[in-house]
């Protein structure tokens, strides 16, 4: 863990990071964060990260650090802006494929930046070229941005993390551990609930896409039946009126279905972002355990909340309270994220309400179009028009039925209510802080 001021200067470093990099706390504090970065970390990465971080949002990134001997240290970091500056919480990556992808992305990006500098271009120009190269690589992978790629990576990393074990026994820090476990349990349950909601949104997107697949053939059919009716010699008025009804129904249905598809896509994006933020919040709660563990060991408790493999070797046997200085920033970060979680929840609920409304209207339009189409089929048989005017795979009734299922899904999600409630997270985080102060006494920085 690292804490920086608003100016990006390091103000605190955890013992675990000292152990990983071999850089002493004395050397790091007062230096820019760049001191910890490896030369293989592209400066163009900041172009992707800084806007979100400056806006107070949580950011996640693979960080390529250097130890004091020039070796490599890879971490996946969660960064949160708090009133004191920025808190960075890192842990060793467990998703090997994603880490190898990051290594390749960074290597190709730094090659571009290095070539630009060797050609006499400024650092700013080289950074801009690096950012362009990184964006181009991500686009080739099918990602719109670094943040979009890292969203899926963080979820995979969280899924691969060791699960928390039982509470330690035998020390005065047990009460603090219990409060920390309460916090972690709340976040884990909400993250699991958000994952289920996101999976339901994928079903919604499939239903909306299935209906949208009907939109273009309906438009084409509407135009074709009007053209056929206008060219027919006998009964042209009857045919033309029916043809216009089919065409108007096709256009109205297509507009409704396309509007629904856009709402579903936006809501699914909101659900993915909420799931991403909760995954990062889960990492922060694990960092609370990492901060408490040395003091717990020193107090006589076992501290085996995570398997030993989840901790850096130097942390396993290091007693003392140096890590405790990070509990306050961690709690602050969790509480800073709560309003954003609340805002995301409100937006998702509004999106689900809109999906319900749009889906009902779109299904109604599809059934109206299907009725007009049935009348046209009868007239086309009566006047001997060619049957190819109506495609065989046009199924407005089936699409409407799938939208009925989408409405049921959206209503079920809304009916559960509070599927991401940040209030218990904020309250549990505050309880951890209070419990630590009661048991361990006020802890100091530095």
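Observations on the structure shown:
- Convex hull volume per residue in cubic angstrom - Cα atoms of the range 182-246: 71 Å³
- Computed [θ] at 222 nm, helices only, for the chain once each DSSP H run of length n ≥ 4 contributes -39500 (n - 2.57): -23500 deg cm²/dmol
- Highest to lowest packing among 279-286, 192-199, scored as the average C-beta count within 10 Å: 279-286, 192-199
- If you plug the beta carbon distance of residue 185 and residue 408 into 1/(1 + (r/R0)^6) with R0 = 35 Å, you get a FRET efficiency near 0.70.
- Ranked packing of 339-348, 36-45, most packed first, by mean Cβ within 10 Å: 36-45, 339-348
- Diffusion constant of the range 2-157 at 20 °C, which comes from Stokes-Einstein with the Kirkwood Cα-pair radius and 1.002 mPa s, µm²/s: 133 µm²/s
- Residues 72, 122, sorted so that the one with the fewest Cβ neighbours within 10 Å comes first: 122, 72
- When the Gaussian network model of the chain links Cα atoms closer than 10 Å, the mean-square fluctuations of 208, 259, 61 top out at 259.
- Full-stretch length increase - residue 152, residue 206 - with 0.36 nm per residue and alpha-carbon distance subtracted: 17.5 nm
- Centre separation in Å (Cα based) which lies between the range 1-37 and the range 326-368: 37 Å
- Length gained when the stretch residue 160-residue 240 is fully extended (0.36 nm per residue, less Cα-Cα span): 22.5 nm
- Just checking the listed ones, 288, 263, 187: in the Gaussian network model of the chain with Cα springs under 10 Å, the one fluctuating most is 263.
- Taking other C-beta atoms within 10 Å as the exposure proxy, 29, 425 rank 29, 425 from fewest upward.
- Alpha-carbon gyration tensor eigenvalues x 5, square-rooted, for the chain, Å: 56, 27, 15
- Residue-span extension gain [residue 50 to residue 437] - 0.36 nm each, minus C-alpha spacing: 135.9 nm
- Radius, Kirkwood style, for the range 180-310 when every pair of distinct Cα atoms is counted (Å): 19.5 Å
No lab work stands behind these numbers, since they all come straight from the coordinates. Keep in mind that this is a model prediction, so the values were computed, not measured. Please note: Cβ atoms are built from the backbone with ideal geometry, for glycine as well, and neighbour counts cover all protein chains shown.
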